[in-house]
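The values are calculated or read from the model by the stated rules, or taken from the named source; none is laboratory data. Everything numeric in this text was worked out from a predicted model, so none of it was measured. Heads up, the Cβs are rebuilt from the backbone with ideal geometry, glycines too, and the neighbour counts pull from every protein chain shown.
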């Protein structure tokens, strides 16, 4: 009797297990299985995050500091360093959660406030990958720890904010800058990043693509920089006094660090050590080179002599243009895109801003805004399907009229949102604490008037 009872219980258990195996996982509260961590992918992403951070400190800090006057060098470097500190904390506290969780198509939720749940896949010292957008129709299996992904994406918000403040260099209050950067990062960068890069983002659902930040970083920051330049006004003495760069050598070193760091920016956006990362690195290199050549050639024709600052600016323009396309285009189109970017950004920095009368001190809009717009649209023109092909989408994303339209829509939305938010924030800040230093402080220089320091040489 006892044996028959035990056999009956075993049979019931087996049947129950069988039924559970046939049921959908969500029916009994199971979660999506974490993907296996890939050490090669993780190593590459650790390096990429470091390279992108290097783009801001010291890369952009030196690039910008070399283009201002001696009395403002330290204040300009201070801006990049302070932004790095502020955006790092903002990202961990709330930024990452609002971008990469699934709330609405326009903004995420607060479920990962203060990185809540980041250790969910870390058990007994064995870290695993994670699933981005696990509760969406298109979850992304990540073969790197979430902590690495957090840091990698953190470096993007850092450099975005650091780029835009170059437009207001040599005249903005440090207090106003700090308040504006925090609010702009939260109200402009975060929503645009969610709309473009989150699995359920609005612009992504429209079909827009942005491999490494053409809209999210460059157009977003460039347009904000343009609004800053217009609202703060021109520097004292522009067109009358000598406002030439203090040390072009600093700018060359900074641009060189930007170029090298951009491999992390673009190739790192493949999120793994794979063929797509290799192609992104290759097209990044040739686009930067053709951008430098494009700027040098047009400057040589127009002004009879090529300049060092011109060729490094052209290389940066080429890097900006290829950013949204890096994982979608082949080397041939990349060379053409970089060359177009170098010429177009030369025109913007040399003619457009003078024609329209705004003082974009370090050409944040002229290089990043214009270059980002060109790159985003040309991505739709030159996208090569096999580079983005997956098992779920074997054809990948190819150039088409509909893709170009989606890219133009994404560009327009980014311009309107970033410009509107920037105008509102700057208006309020100007009313409350003021945007611009006093004329006497501006003449003295921001190093002494704001930070009580100066370069002694």
* Structure fact -> Flagged pairs (Cβ under 7 angstrom, 6 or more apart or on separate chains; first in the stretch 115-129, surrounded by 15 or more Cβ atoms within 10 Å (Cβ to Cβ); second modelled with pLDDT of 75 or more and in a strand (DSSP E or B)) are 121/130; 129/141; 129/142
* Asked: Does the stretch 398-413 contain at least one residue that is assigned to a loop (DSSP other than H, G, I, E, B), at pLDDT below 95 and surrounded by fewer than 19 Cβ atoms within 10 Å (Cβ to Cβ)?
  -> no
* Asked: Do the conditions hold for residue 88, that is, is it under 14 Å from residue 177 (Cβ atoms), assigned to a helix (DSSP H, G or I) and in contact (Cβ under 8 Å) with a residue 40 or more places away in the chain?
  -> no
* Output for the stretch 298-324, where each listed residue is free of Cβ contacts under 8 Å to residues at least 24 places away in the same chain and in a helix (DSSP H, G or I) -> 300, 301, 303, 311
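Residues in the stretch 264-272: is at least one crowded, with 21+ Cβ neighbours inside 10 Å, part of a loop (DSSP other than H, G, I, E, B) and under 21 Å from the mean Cα position of the chain (by Cα)?
Looking through the stretch 264-272, at least one residue is crowded, with 21+ Cβ neighbours inside 10 Å, part of a loop (DSSP other than H, G, I, E, B) and under 21 Å from the mean Cα position of the chain (by Cα).
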* Asked: Among helices (runs of 4 or more DSSP H) lying entirely in the stretch 161-218, which contain 2 or more residues that are surrounded by 23 or more Cβ atoms within 10 Å (Cβ to Cβ) and touching a helix residue (DSSP H, G or I) at 6+ places or on another chain (Cβ under 8 Å)?
  -> 174-184, 190-197
* Structure fact -> Across the stretch 273-296, the tally of residues that are over 30 Å from residue 37 (Cβ atoms) and buried (at least 24 other Cβ atoms within 10 Å of the Cβ) stands at 7
* **Matching residues in the stretch 431-448 - criterion: being in contact (Cβ under 8 Å) with a residue 60 or more places away in the chain and either outside any helix (DSSP H, G or I) or surrounded by 15 or more Cβ atoms within 10 Å (Cβ to Cβ) (or both)** => 433, 434, 435, 436, 437, 442, 444, 445, 446, 447, 448
* Which of (1) surrounded by 15 or more Cβ atoms within 10 Å (Cβ to Cβ); (2) touching a helix residue (DSSP H, G or I) at 6+ places or on another chain (Cβ under 7 Å); (3) not in a loop (DSSP other than H, G, I, E, B) does residue 93 not meet, given it meets every other one? -> (1)
* **Residue identified as surrounded by fewer than 15 Cβ atoms within 10 Å (Cβ to Cβ), over 30 Å from residue 451 (Cα atoms), out of contact with any strand residue (DSSP E or B) (no Cβ under 9 Å at 6 or more places or on another chain) and at pLDDT 95 or above among 43, 27** => 43
* **Restricting the stretch 62-85 to residues that are in contact with a helix residue (DSSP H, G or I) (Cβ under 7 Å, 6 or more places away or on another chain) and outside any helix (DSSP H, G or I), the residue that is surrounded by the fewest Cβ atoms within 10 Å (Cβ to Cβ)** => 66
* To do: With respect to residue 339, determine if the residue is touching a residue at least 12 places away in the same chain (Cβ under 8 Å) and surrounded by fewer than 20 Cβ atoms within 10 Å (Cβ to Cβ).
  => no
* Asked: In the stretch 367-378, is there at least one residue being at pLDDT below 95, surrounded by fewer than 24 Cβ atoms within 10 Å (Cβ to Cβ) and under 30 Å from residue 229 (Cβ atoms)?
  -> no
* Looking at (1) in contact with a strand residue (DSSP E or B) (Cβ under 6 Å, 6 or more places away or on another chain); (2) farther than 28 Å from residue 37 by Cβ, which is the one condition that is false for residue 130? -> (2)
